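Below is one structure, written out as structure tokens; the observations come after it.
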């Protein structure tokens, strides 16, 4: 993890002492104190660095971390936020769970650590402009943990692959509130829970399959790495060379609840005077 954090800070041209808040997300491991305390104590962050651990938003937590970082930078102009996503989905493997859903989940999920920085000013990447959340009522048991004597047992309802029919309208509404057309954006960084999620989003939003090429590549090469997916997909956008100035785009994570965490922003290639930049994500596959 330290190497990933250092790489993200280097991409953002910042030192640990420049960070005002650390948002740490994981749905596959629980610690007290949070890993943020270890980071502050061992990596040179200031002792007054604020800590926001998020442990129960599952795959939506990557989007939630970006949104909370954006909110913090709006509240404290000039602040810098480090986001760290740490997912060890293999820790949740239960050899006695032989149901088809469990077998499919075990084959789909992967392990990863990712980090990114949201700068209040300066940097380059996605200039965040708006964020929002949406929870589908009555679906809280569709993605859950069963806590038993043997530990956490991942439970996935067979209706989960149908959730884009419920969440795609929320993406459209948030974009309309921003006077954007969600079907006409220039880039899409979306949590890829599985191929059907992306295929259904294409159908519901009238989009061609290639707009989700970064998410599809993450799913193919790394699997479903939970909250780290959006950062890996974002890293692929940087690796491709980015986009023209002011290109419009969306970042979205979907997870238990059923919950969507959504950000809207424009691509920026400039280096100063901007608020809410997500510089290049540093991602490591473990």
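The values are calculated or read from the model by the stated rules, or taken from the named source; none is laboratory data. The model shown is predicted, which means the values in this text are computed figures rather than measured ones. Reconstructed Cβ throughout: ideal geometry from the backbone, glycine too, with neighbour counts over all protein chains shown.
Right, residue 21: within 21 Å of the chain's Cα centre (by Cα), in the same structural domain as residue 78 (by TED's automatic domain parsing) and at pLDDT 90 or above or not?
yes
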Quick one: residue 249 ticks every box in (1) within 20 Å of residue 176 (Cβ to Cβ); (2) surrounded by fewer than 22 Cβ atoms within 10 Å (Cβ to Cβ); (3) at pLDDT below 95 except a single one, so which number is it? (3)
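Condition check ((1) in the same structural domain as residue 260 (by TED's automatic domain parsing); (2) in contact (Cβ under 8 Å) with a residue 12 or more places away in the chain; (3) outside any helix (DSSP H, G or I); (4) under 30 Å from residue 171 (Cβ atoms)) across all residues:
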{"residue": "47", "(1), (2), (3), (4)": "no, no, yes, no"}
{"residue": "53", "(1), (2), (3), (4)": "no, yes, yes, yes"}
{"residue": "56", "(1), (2), (3), (4)": "no, yes, yes, yes"}
{"residue": "66", "(1), (2), (3), (4)": "no, yes, no, yes"}
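Assess whether residue 146 counts as being under 24 Å from residue 264 (Cβ atoms), more than 17 Å from the chain's Cα centre (by Cα) and modelled with pLDDT under 90.
No: the conditions fail for residue 146.
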Return a yes/no flag: does the stretch 50-58 have any residue that is modelled with pLDDT of 90 or more and farther than 24 Å from residue 259 by Cα. yes
For the stretch 1-45, which positions are touching a residue at least 60 places away in the same chain (Cβ under 8 Å), surrounded by fewer than 16 Cβ atoms within 10 Å (Cβ to Cβ) and assigned to a loop (DSSP other than H, G, I, E, B)? 13, 29
Run residue 147 past the list (1) free of Cβ contacts under 8 Å to residues at least 24 places away in the same chain; (2) surrounded by 14 or more Cβ atoms within 10 Å (Cβ to Cβ) and report the number of the one that doesn't hold. (2)
Output for the stretch 261-280, where each listed residue is under 18 Å from residue 225 (Cβ atoms) and either at pLDDT 90 or above or not in a strand (DSSP E or B) (or both): 261, 280
Checked against (1) assigned to a strand (DSSP E or B); (2) modelled with pLDDT under 80; (3) surrounded by fewer than 13 Cβ atoms within 10 Å (Cβ to Cβ), residue 137 satisfies every condition except (2)
